[in-house]
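Undergrad: Quick one: the structure is below, questions incoming.
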Amino acid sequence: ETPTFIISDPSPIEVSEWYPLINLYTHNDHVITKAAIRATTSADLDTLAPALANAFAANNDIWGLLRPLMKQEVESTEQAGTLFRGNCIASKTLSAYCKSIGSEFLQQMLRAPVTYVAEVPANYEINPAKLPSGQNIEENIQNLREAVHFFLKNIMIALPQCPPIIRDLCHELRELVAESYPESTYTVIGGFFFLRYIGPAIVSPEGFDVVDWKIPPNARRALVLISKVIQNIGNGVEFGKKEEYMLPLNDLIQQKIPEVHDFFDELASPTSKAAPPHVEVDDALMKKLHLHTVLIHNKIMKHISACETEMGLVNGSEMKNYSLVVDFLAQPALMDEKDYKAFKKQCKNQQKKKH
């Protein structure tokens, strides 16, 4: 039997070889997406999150994925301090999406300060336990302070180039959080923008296309320290006894918090709600989503009925189509030999458990 693929808004991805898979996750009600998220272990969220972000973005429905995830995170969190922290699907999906559409903006913000730290002779180590012989810790603290100033200045002046969708996401975050945790709006925006989006690109700029050359080890350590300070400024938190050597930077954190809060206000202000940028289907991500879907298909099926009930859908309305699509996806011709063998082995093991 041929699977019935539900087509809502026709788009160029219908000609993609990955269309059956993308449609499975993105068609009306997103039941399969909800079931797959519940069926996925924390360890596998790093596979699922970027793949879902790509599937929904390529299908011009990124808000259909991100808005419910953000809302669920706020509603299910009991303490403000844990909002969008840790190993949650909302944070991972937001980060993956922003990385995929925001690499040019990262370059505009970070290339100049990263290049400066890597190429201009200066020392930044302020941990006495790691301080090389002959270096002056007070001079290094001053160098670090100046570098943080440079980074923050570049980040702030680049705001007009920020993709509207990132600003809209920050606005949505602020609105959602303000309803339940109004005192935590700056912390959540800082956690998303500085910790999740900018922080990793500061520490590993070559991995985010900020620069196209390898960062030397001494500069890498400097970037780690700079990232620590910027993240604490974003969180509005001073360093404590856990990292005592960072205490001399606490006055800088207090000095910069009001300035950064003003930046967050502007970052999260409503925009013209421009359409999200076009995103191409990523073959590598879809291949991972394909394999993940096939390997955990039984777990997903166990969650489909519950999702249908919660959403007021007719029980079984998604199950038949899901089974047909998974059978289609699990054909040997659509999988690498190694992956297909892993799938068949899993099926045998599951059969043994039944008996």
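The values are calculated or read from the model by the stated rules, or taken from the named source; none is laboratory data. It should be emphasised that the depicted structure is a prediction, and the values quoted were computed from it without experimental measurement. All Cβ positions, glycine included, derive from the backbone under ideal geometry; neighbour counts span all protein chains shown. These accessible areas exclude ligands, DNA and RNA; they are computed on the full protein's heavy atoms, side chains included. Shrake-Rupley method; radii C 1.70, N 1.55, O 1.52, S 1.80 Å.
Undergrad: Do we have I253 as closer than 19 Å to S184 by Cα and crowded, with 20+ Cβ neighbours inside 10 Å here?
TA: For I253, the condition - closer than 19 Å to S184 by Cα and crowded, with 20+ Cβ neighbours inside 10 Å - is met.
Undergrad: For the structure I just gave you, tell me whether V210 is assigned by the TED database to the domain that holds I141 and either part of a helix (DSSP H, G or I) or within 20 Å of G86 (Cα to Cα) (or both).
TA: The answer is no for V210.
Undergrad: Going through the range 96-152 one residue at a time, which ones are open to solvent by 60 Å² or more (accessible area, probe 1.4 Å), more than 16 Å from D212 (Cα to Cα) and of a type in the set (S, T, Y)?
TA: Within the range 96-152, S100, S133 meet the criteria.
Undergrad: Show the residue pairs meeting these rules: Cβ distance below 9 Å; 6+ apart or different chains; first residue within the range 125-140 and of a type in the set (V, I, T); second residue loosely packed, with under 13 Cβ neighbours inside 10 Å and not in a helix (DSSP H, G or I).
TA: Taking only residues 6 or more apart or on different chains, the pairs are I137/P128.
Undergrad: Would you point out the residue of the range 290-345, among those that are modelled with pLDDT under 80 and of a type in the set (D, E), that is farthest from the chain's Cα centre (by Cα)?
TA: This residue is E337.
Undergrad: Continuing with this model, one more query. Which residue pairs have Cβ atoms closer than 6 Å, lie 6 or more positions apart in sequence or on different chains, and pair a first residue in the range 232-255 that is at pLDDT 95 or above with a second residue that is open to solvent by 60 Å² or more (accessible area, probe 1.4 Å)?
TA: F239/L247; N250/E238; I253/E238
Undergrad: Within the range 277-295, does at least one residue satisfy the condition of being aliphatic (A, V, I, L, M), open to solvent by less than 30 Å² (accessible area, probe 1.4 Å), in contact (Cβ under 8 Å) with a residue 60 or more places away in the chain and more than 19 Å from A53 (Cα to Cα)?
TA: Taking every residue of the range 277-295 in turn, none turns out to be aliphatic (A, V, I, L, M), open to solvent by less than 30 Å² (accessible area, probe 1.4 Å), in contact (Cβ under 8 Å) with a residue 60 or more places away in the chain and more than 19 Å from A53 (Cα to Cα).
Undergrad: If you take the residues in the range 25-62 that are more than 18 Å from the chain's Cα centre (by Cα) and without any contact (Cβ under 8 Å) to a residue 24 or more places away in the chain, which one is surrounded by the fewest Cβ atoms within 10 Å (Cβ to Cβ)?
TA: Within the range 25-62, the match that is surrounded by the fewest Cβ atoms within 10 Å (Cβ to Cβ) is N28.
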